[in-house]
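Have a look at the structure below, then the notes.
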Amino acid sequence: MTESTDETELTVREVAAQTRFEILVDGKTAGFTVYRASENRYTFTHTEIDPAFEGRGLGSVLIKQTLDEMRSRGNAVLPQCPFVRRYISRHTEYLDLVPTDARAGFDLPA
């Protein structure tokens, strides 16, 4: 998943060996979100953006593309990471990725 903006190339890729999705800026790792996978559910536990890349909206790009990938695979999402949880609560088009019976536990609407 690659996009270019203002002469900057952004790439989001899965690094399964490290159980995470990373965002790269011009080929340099700028941040990541860590998951635990079980069957068709991915539990996102932590998201981090390198301080040198903060303030550029990269966390949102990372989570959006990661959630789009989860949707394309047909996987459910459990947002234990506060950043992922906030992103889903602000972008309700991703709410359906969180199983209905789990939403209350993440303070998300049913």
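Looking at Arg85, is it in a strand (DSSP E or B), at pLDDT 95 or above and of a type outside the set (A, V, I, L, M, F, W, C)?
Criteria not met by Arg85.
Closer than 23 Å to Leu10 by Cα and either of a type in the set (S, T, N, Q) or more than 14 Å from the chain's Cα centre (by Cα) (or both), is that true of Ser38?
So Ser38 fails the test.
Output the residue which, of all residues in segment 1-23 that are part of a loop (DSSP other than H, G, I, E, B) and either within 12 Å of Val34 (Cβ to Cβ) or among the hydrophobic types (A, V, I, L, M, F, W, C) (or both), is modelled with the lowest pLDDT.
Met1
The values are calculated or read from the model by the stated rules, or taken from the named source; none is laboratory data. Everything numeric in this text was worked out from a predicted model, so none of it was measured. Positions of Cβ are backbone-derived with ideal geometry, glycine not excepted, and every protein chain shown enters the neighbour counts.
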